[in-house]
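The values are calculated or read from the model by the stated rules, or taken from the named source; none is laboratory data. Since the model is a prediction, treat every value here as computed from it, not as a measurement. Methodologically, a virtual Cβ is constructed for each residue, glycine included, from the backbone with ideal geometry; neighbour enumeration extends over all protein chains shown.
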Amino acid sequence: MINRDEFLISEIRQLERMLEDIPASAAIQRISIENRLNRVRASLKRELASSVPPRVKLTFRGRPTIGSHGIAADFGGKATIAFADAFAAVVAGLNDNLQLMGPIPDREKNQLLITGTAVGSFGFEFELPAGGLFPEQENTEEALRKMQSLLEASATGSDDDVAELVDAIHPRAVKKISEFLSVLSQYQAWCGLEFKDRIFRYDGFDQLTRSASRLGEENIQEAAESYAGEFVGILPNSRTFEFQTADGLIKGRIGASIEDPGVILRHWLKRSVHITLAVVHVGQGRPRFTLNDLPDHR
């Protein structure tokens with residue numbers, strides 16, 4: 001299938017040939033073709049500009065770095081591998097195909113490409129996988145934004161801020177981010193992450209250590225819990241639910257594994273059912289509930 005770039009290039013060539021065949025005396029006809037040619041050339045320019053994959057800058061400070069001059073090779077290698085693993089896991093989590101164990105899905109398709117060094121402090125510039133060409137790559141930019149938000153929330157936000165992002169990303173992907181921070185902590189380093197118009201940088205090693213601790217397994221607990229009650233509210237478009245139990249009202253989100261949330265409205269609204277929810281606790285924050293499986297159809 002011909003892509004849009006090729007289509008526009010083909011049209012430009014066709015218009016150029018048409019201009020060659022139109023005599024100078026046919027001024028009105030030439031002006032019409034020239035205007036069309038200018039519009040198509042402008043469209044191609046915009047298309048090429050928008051097709052450039054976005055880039056992210058990851059910079060480091062601390063013991064392994066010497067200002068903007070260089071970085072210890074062993075640290076640089078381990079840190080970039082850990083960051084790339086975390087990125088691939090977050091993309092898989094957003095695509096809802098990340099399991100608690102086993103290989104990270106689509107790891108090869110979601111490779112970050114090192115395209116240069118980032119100055120200021122020393123670091124690397126990565127190019128993201130091209131988005132939009134494949135459905136499984138559509139979440140690459142969102143993955144970077146979520147990673148950046150989670151680093152910032154774990155450094156300066158509340159437990160509820162962290163819990164909301166943990167629930168949205170996937171606990172295993174969060175563990176990969178924690179492992180990246182652990183590499184930095186082992187080398188007494190900290191980092192900054194710049195993506196598009198947003199920059200987050202740790203203030204220093206102590207702040208990174210606190211962030212790593214808040215994202216560690218000791219502070220984030222995930223469990224499956226069963227509840228009896230009835231669904232009293234469903235918002236299919238926003239994929240949220242309300243479930244009334246004898247002990248109170250539970251509000252949560254409907255996981256992507258349930259393709260049609262409206263089925264709950266049709267079959268289980270205001271009916272007594274037993275459900276199992278994935279529950280995430282972060283520190284002292286309130287729990288986050290996710291419905292990943294439909295009740296037994298009885």
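The strands (runs of 3 or more DSSP E) found entirely in the stretch 143-245 include none that carry 3 or more residues being of a type in the set (D, E, K, R) and within 16 Å of the chain's Cα centre (by Cα).
Condition check: part of a strand (DSSP E or B) and either outside the structural domain of Lys175 (by TED's automatic domain parsing) or in contact with a helix residue (DSSP H, G or I) (Cβ under 6 Å, 6 or more places away or on another chain) (or both). Does Glu259 satisfy that?
no
Please tell me if Arg288 is under 26 Å from Arg172 (Cβ atoms) and surrounded by 19 or more Cβ atoms within 10 Å (Cβ to Cβ). So Arg288 fits the description; yes. Residues being crowded, with 19+ Cβ neighbours inside 10 Å, within 30 Å of Gly216 (Cβ to Cβ), at pLDDT 90 or above and more than 23 Å from the chain's Cα centre (by Cα) are represented in the stretch 247-263 by at least one member. The set of residues from the stretch 167-187 being among the basic types (Lys, Arg) and modelled with pLDDT of 90 or more comprises Lys175, Lys176. Which residue pairs have Cβ atoms under 6 Å apart, sit 6 or more places apart or on different chains, and have a first residue in the stretch 267-279 that is among the β-branched types (Val, Ile, Thr) and a second that is buried (at least 19 other Cβ atoms within 10 Å of the Cβ)? Taking only residues 6 or more apart or on different chains, the pairs are Val279/Phe289. Within the stretch 2-9, can one find any residue that is at pLDDT 85 or above and either surrounded by 15 or more Cβ atoms within 10 Å (Cβ to Cβ) or part of a helix (DSSP H, G or I) (or both)? No: zero hits. Considering the stretch 122-142, and only residues there that are surrounded by 19 or more Cβ atoms within 10 Å (Cβ to Cβ) and in a loop (DSSP other than H, G, I, E, B), the residue that is modelled with the lowest pLDDT turns out to be Asn139.
Among the residues of the stretch 206-242, those that are of a type in the set (Ser, Thr, Tyr), over 17 Å from Val282 (Cβ atoms) and either surrounded by 15 or more Cβ atoms within 10 Å (Cβ to Cβ) or in contact with a helix residue (DSSP H, G or I) (Cβ under 7 Å, 6 or more places away or on another chain) (or both) comprise Thr209, Tyr227, Thr240.
Scan the stretch 196-205 and give yes if some residue there is surrounded by 16 or more Cβ atoms within 10 Å (Cβ to Cβ) and basic (Lys, Arg), otherwise no. Yes - at least one qualifying residue is present in the stretch 196-205.
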